[in-house]
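K.L.:
Just passing along the structure, written as structure tokens.
The values are calculated or read from the model by the stated rules, or taken from the named source; none is laboratory data. Just so it is clear, the structure is predicted and the values come from calculations on it, not from any experiment. Virtual Cβ from ideal backbone geometry, glycine too; neighbours counted across all protein chains shown.
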Amino acid sequence: MNIDVMKKLGLIGYPLTHSFSKKYFTEKFNNENIKNWEYLNFELKNIDEFMDFISKYPELTGLNITIPYKEKILKYVDWQDAVVKEIGATNTLKLLPNKIKAYNTDVYGFEESLKPYLKSHHHKALILGTGGASKAVSYVLKKMEISHKYVSRNPKKEDEIGYKDLKKEIIENHQIIINTTPVGTYLFPEKKVNFPYDFIQHTHLFYDLIYNPSKTDFLKEAEKRNATIVNGLKMLHLQAEKSWEIWNDKN
């Protein structure tokens, strides 16, 4: 008698109370009548716990990776796709016998969710934050030939500026503003991105990778000034479906 083995997928990060990934995949499995698959949250307080964690769950087929481990986890993988190699960040792992493969589906999710909102005047962008998610955003903007700078609390590189440098002229010349920091999430609802909102114009496009809450204070301030606003929920759905493709690709 053959008994189908339950296959497990999951999300690694810390903390994970803000994430919709488990809800998304659980609903997907129910709605599409997908049997013998389960998606779980795994909070790791330290990335050094990763290999011990893997050994405890031999039935794991794949993992999504979120803040703060998109870059740190790469030291444990055996193979990286071309995008991961270039940007140095992953959000999707495929677990094979004796091999861990790293992919980045954030790139796909961000690109496809951004495209519908781009106008002819959107040719310069500011990326708030310099973590793993910001690298995926930068990769997409380069591909689209949209020049951009990072905004950092501690700018060190040539393509980085500080929040104190966000003067009126800078804001007016960069019509796409993208928040890749966790400021404003469910975890930090009382915090607001440190940004000179009074310089926002109706021609601006404000994109916040955060999707919980659906409208952060960052987006609310932009909306007050009639800018176009987008949250990260569509990106989440797109990257999740691309991850599902990778986990099920027999090749």
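K.L.:
Kindly evaluate GLU169 against the criterion of being at pLDDT 95 or above, not in a loop (DSSP other than H, G, I, E, B) and not hydrophobic (A, V, I, L, M, F, W, C).
P.N.:
Values: at pLDDT 95 or above: yes; not in a loop (DSSP other than H, G, I, E, B): yes; not hydrophobic (A, V, I, L, M, F, W, C): yes.
For GLU169, the condition - at pLDDT 95 or above, not in a loop (DSSP other than H, G, I, E, B) and not hydrophobic (A, V, I, L, M, F, W, C) - is met.
K.L.:
Would you mind stating whether TYR103 is among the hydroxyl-bearing types (Ser, Thr, Tyr) and closer than 20 Å to ILE73 by Cα?
P.N.:
Yes, satisfied.
K.L.:
Quick one: in segment 89-139, which of the residues that are assigned to a helix (DSSP H, G or I) and without any contact (Cβ under 8 Å) to a residue 40 or more places away in the chain is farthest from the chain's Cα centre (by Cα)? Break it down stepwise before answering.
P.N.:
Kept after step one, since they are assigned to a helix (DSSP H, G or I), are these residues of segment 89-139: 106-117, 132-139.
Filter once more, so that each one left must be without any contact (Cβ under 8 Å) to a residue 40 or more places away in the chain: 107, 111, 115-116.
On the way: VAL107: 8, GLU111: 11, LYS115: 16, PRO116: 18 Å.
This residue is PRO116.
K.L.:
A further question on this structure: Can you tell me which of LYS250, LYS234, LYS164 is farther than 30 Å from ASP81 by Cα and either assigned to a strand (DSSP E or B) or of a type outside the set (S, T, N, Q) (or both)?
P.N.:
One residue alone meets the criteria, LYS164.
K.L.:
Still on this structure, please answer the following. All but one of (1) more than 22 Å from GLY232 (Cβ to Cβ); (2) free of Cβ contacts under 8 Å to residues at least 12 places away in the same chain hold for LYS23; which doesn't?
P.N.:
LYS23 satisfies every listed condition except (1).
K.L.:
Which of the residues belonging to segment 78-99 are at negative phi and out of contact with any helix residue (DSSP H, G or I) (no Cβ under 8 Å at 6 or more places or on another chain)? Give the derivation first.
P.N.:
So in segment 78-99, the residues at negative phi come out as 78-87, 89-97, 99.
Once the filter is applied, which keeps residues that are at negative phi and out of contact with any helix residue (DSSP H, G or I) (no Cβ under 8 Å at 6 or more places or on another chain), segment 78-99 yields ASP78, TRP79, ASP81, ALA82, LYS85, LEU96, PRO97, LYS99.
K.L.:
With the requirement that a residue be farther than 24 Å from ILE171 by Cβ and either exposed (fewer than 15 other Cβ atoms within 10 Å of the Cβ) or aliphatic (A, V, I, L, M) (or both), what does segment 212-240 give you?
P.N.:
Scanning segment 212-240 gives SER214, LEU233, LEU236, LEU238, ALA240.
K.L.:
Let me ask another. Name the residue that is farthest from ILE127 (Cα to Cα), counting only residues in segment 139-174 that are of a type in the set (Phe, Trp, Tyr) and out of contact with any helix residue (DSSP H, G or I) (no Cβ under 6 Å at 6 or more places or on another chain).
P.N.:
Checked segment 139-174; the qualifying residue farthest from ILE127 (Cα to Cα) is TYR163.
K.L.:
Next question, about the same structure. Restricted to segment 198-215, and to residues that are within 18 Å of VAL183 (Cα to Cα) and assigned to a loop (DSSP other than H, G, I, E, B), which residue is nearest to the chain's Cα centre (by Cα)?
P.N.:
In the first step, residues of segment 198-215 are kept if they are within 18 Å of VAL183 (Cα to Cα); the result is 206-215.
If we keep only those that are assigned to a loop (DSSP other than H, G, I, E, B) too, we end up with 209-215.
Details: LEU209: 6, ILE210: 8, TYR211: 10, ASN212: 13, PRO213: 15, SER214: 15, LYS215: 16 Å.
Ranking the qualifying residues of segment 198-215, first place goes to LEU209.
K.L.:
Hey, does segment 116-132 have a residue that's touching a Phe, Trp or Tyr at 6+ places or on another chain (Cβ under 7 Å) and over 24 Å from LYS157 (Cα atoms)? Quick ask: steps written out before the conclusion?
P.N.:
Residues of segment 116-132 that are touching a Phe, Trp or Tyr at 6+ places or on another chain (Cβ under 7 Å), as a first pass: 127, 130.
Subsequent filtering for residues that are over 24 Å from LYS157 (Cα atoms) retains none.
Looking through segment 116-132, none of the residues is touching a Phe, Trp or Tyr at 6+ places or on another chain (Cβ under 7 Å) and over 24 Å from LYS157 (Cα atoms).
K.L.:
Can you tell me which residues in segment 1-56 are aromatic (Phe, Trp, Tyr) and either exposed (fewer than 14 other Cβ atoms within 10 Å of the Cβ) or not in a loop (DSSP other than H, G, I, E, B) (or both)? Don't jump to the end; show me each part of the working.
P.N.:
Taking segment 1-56 and keeping what is aromatic (Phe, Trp, Tyr), we get 14, 20, 24-25, 29, 37, 39, 42, 50, 53.
Within segment 1-56, TYR24, PHE25, PHE29, TRP37, TYR39, PHE42, PHE50, PHE53 meet the criteria.
K.L.:
Separate question: Might you check whether a residue that is surrounded by fewer than 15 Cβ atoms within 10 Å (Cβ to Cβ) and at pLDDT 95 or above occurs anywhere in segment 57-74?
P.N.:
No, the conditions are met nowhere in segment 57-74.
K.L.:
Count, please, the residues in segment 216-231 that happen to be free of Cβ contacts under 8 Å to residues at least 40 places away in the same chain and part of a helix (DSSP H, G or I). Please lay out each step first, then the result.
P.N.:
Of all residues in segment 216-231, those free of Cβ contacts under 8 Å to residues at least 40 places away in the same chain come to 216-221, 223-227, 229, 231.
Narrowing further to those that are part of a helix (DSSP H, G or I): 217-221, 223-224.
Count: 7.
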